[in-house]
1. Based on other C-beta atoms within 10 Å, arrange 35, 24 from fewest to most.
2. At what distance in angstrom do the alpha carbon centres of the range 1-41 and the range 85-135 lie from each other?
3. For the range 57-135, what is the relative contact order in percent, using Cα pairs closer than 8 Å and at least 6 residues apart in sequence?
4. From the list (1) 14.9, 42; (2) 18.6, 68; (3) 41.0, 126, can you say which value of Rg and Dmax of the Cα atoms in Å was derived from the structure given?
5. Could you work out the relative contact order of the chain, using alpha carbon pairs under 8 angstrom and six or more residues apart, expressed as a whole percent?
6. Please order 43, 36, 28 by the number of other Cβ within 10 Å, starting at the fewest.
7. Sticking with the crude label model, points 7 Å out along Cα→Cβ, report the distance from residue 135 to residue 73 in nm, one decimal please.
8. Compute the length gained on full extension between residue 118 and residue 38: take 0.36 nm times their separation in residues and subtract their Cα-Cα distance, giving the result in nm to one decimal.
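Where a number appears in this text, it was derived from the coordinates with a stated rule and is not lab data. These figures come from a predicted structure and were not determined experimentally. Cβ placement follows ideal geometry from the backbone for every residue including glycine, while neighbour counts extend to all protein chains displayed.
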């Protein structure tokens with residue numbers, strides 16, 4: 001699956017696919033083995049991988065976080081699959097420095113309710129703190 005996100009402080013009017021991304025975020029650690037996830041990435045692009053930091057082949061400036069481990073440890077699992085969305089948001093924020101983590105935590109509190117809220121907050125924080133630049 002491929003998804004796109006445009007991030008800007010200004011209104012975004014373009015709704016087309018992104019041909020030359022600045023950042024590539026890979027949620028599934030096995031995906032780079034079967035798909036060229038780096039296709040079109042700009043020369044100064046950033047890659048953020050859901051992977052332990054010792055399994056990485058460096059091509060671009062690359063950051064890693066073991067989002068699967070974080071999700072499993074926090075019980076963020078559905079039908080046996082780790083739910084890595086909030087962990088990966090923490091990693092993206094750490095790698096890009098787009099804004100302060102407090103704004104991401106506020107957003108998580110707005111959109112997630114119930115007993116999983118605290119687990120998702122912890123997932124963001126742990127991923128943010130454990131994201132490492134590997135190359």
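1. Details: 35 13, 24 20.
The most exposed by this proxy come first: 35, 24.
2. One Cα centre to the other: 19 Å.
3. Numbers: 99 pairs, mean separation 38.2, N = 79.
Answer for the range 57-135 is 48 percent.
4. The value computed from this structure is option (1).
5. Working: 195 pairs, mean separation 30.8, N = 135.
The value is 23 percent.
6. Details: 43 6, 36 9, 28 16.
Result, fewest neighbours first: 43, 36, 28.
7. The modelled label-to-label distance comes out at 2.6 nm.
8. On the way: separation 80, 0.36 × 80 = 28.80 nm, distance 3.35 nm.
Working it through step by step, the gained length comes to 25.4 nm.
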